[in-house]
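Q: Handing you this structure, nothing more for now.
No lab work stands behind these numbers, since they all come straight from the coordinates. The structure displayed is predicted, hence computed values, not measured ones. Cβ placement follows ideal geometry from the backbone for every residue including glycine, while neighbour counts extend to all protein chains displayed.
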Amino acid sequence: MSLYARQLNINDLERSLAVETAAFPPAEAATRQKIEYRLTVCPEICIGLFLRAGASLPSPIPHDIPFVEESTSSDDVLLAHVISTKTTNKPVRDEDMDYPRNWKEDPQGDYAVGHKKNGRTIALHALAVAPDYQRAGLGKAIMRVYIERTKSLNSADRISILTYDRLVPYYQRLGFEHYGKSESAYAGVAWHDLVSGIKSRKTNSNWDIVLHTIFVCVRDPYNGDVRCVA
């Protein structure tokens, strides 16, 4: 398949930085230092969507994109990325958006800001798609892969994001619940908190994963029946 997803690592720094800075305004894009920090201390919760070298973007985008352990070529194109840390908060807060300036002294240390390795919330900092590939369904595609990847790791109870008011419906369609306006003042933007709960329970030898989804219920004005859709 021409498209695949894999875990990012520090060798992807330059490509991830290029996607991030092209996708977001300067005040909102993560800096090189933040991306370097996140790809070093918690690469297991950062993934990229790649197009194999020389291949054309398929249309439509396939629903089941494979997750691979290693890249087959350094010439493959990074189309989109999801970069995250973990937090002990439920909604994302400003301290989660920051990073410790002295983290290189002890990359796995416990700091007041940034990644909390024992946290059960994934703070999703960036869902970024390279501008040349936007409006092709790649954002939804990488989020489907990311949610499934998060389930398989069984290392978090929820994914939490900050987003613009206009993108709230987009994330609701992906299963996120809207918690209203955020307390975060990051980059001076009026953010909104959204959370998708992911809980795992073990039944015999299989993992049974429950993903909370928003349902909308409407009463039929003619017969009084109530219809609910996800």
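Q: Before anything else, pin down the relative contact order of the chain: Cα pairs under 8 Å, at least 6 apart, normalised by residue count, whole percent. Can you show the working numbers first?
A: Numbers: 435 pairs, mean separation 39.7, N = 230.
Across the chain, relative contact order equals 17 percent.
Q: How large is the charge dipole for the range 10-135, taken about the Cα centre, if only the Cβ atoms of Lys, Arg (+1) and Asp, Glu (-1) carry charge, to the nearest 20 debye?
A: 360
Q: While we're looking at this one, here's another question. Can you pull the semi-axes for the chain, root of five times each eigenvalue of the Cα gyration tensor, sorted largest first, whole Å?
A: After diagonalising the Cα gyration tensor, the semi-axes are 28, 23, 19 Å.
Q: What is the calculated FRET efficiency for ARG101 to SER59, with r their C-beta to C-beta distance and R₀ = 41 Å, to the nearest 0.05?
A: Once the sixth-power term is evaluated, E becomes 0.40.
Q: Which of the aspartates and glutamates could a cross-linker span from LYS90 if the Cα-Cα distance has to be under 18 Å and same-chain partners fewer than 8 positions apart are dropped?
A: The qualifying aspartates and glutamates are ASP98, ASP157, GLU177, GLU183, ASP193.
Q: So, in nm, how far is label GLN33 from label ALA190 when the simple model puts each one 7 Å beyond its Cα toward the Cβ?
A: Using points 7 Å along Cα→Cβ, the separation is 3.1 nm.
Q: Further question on the same structure: Taking only Cα atoms and a 10 Å spring cutoff, compute GNM fluctuations for the chain and point out the largest among LEU138, LEU79, LEU153.
A: Greatest mean-square fluctuation among the candidates belongs to LEU153.
Q: Can you give the translational diffusion coefficient of the range 39-135 in µm²/s, computed by Stokes-Einstein from the Kirkwood radius over Cα pairs at 20 °C and 1.002 mPa s? Intermediate results must be reported in sequence, preceding the final value.
A: On the way: Rh = 15.5 Å.
Rounded to a whole number, D works out at 139 µm²/s.
Q: Sort 9-20, 104-115 for me by packing, meaning the mean count of neighbouring Cβ atoms within 10 Å per residue, highest on top.
A: 9-20, 104-115
Q: Now a separate question. Please give, to one decimal in nm, the separation of the simple spin-label points placed at VAL168 and GLU148, each 7 Å out from Cα toward the Cβ.
A: Placing both labels 7 Å along Cα→Cβ, they lie 3.1 nm apart.
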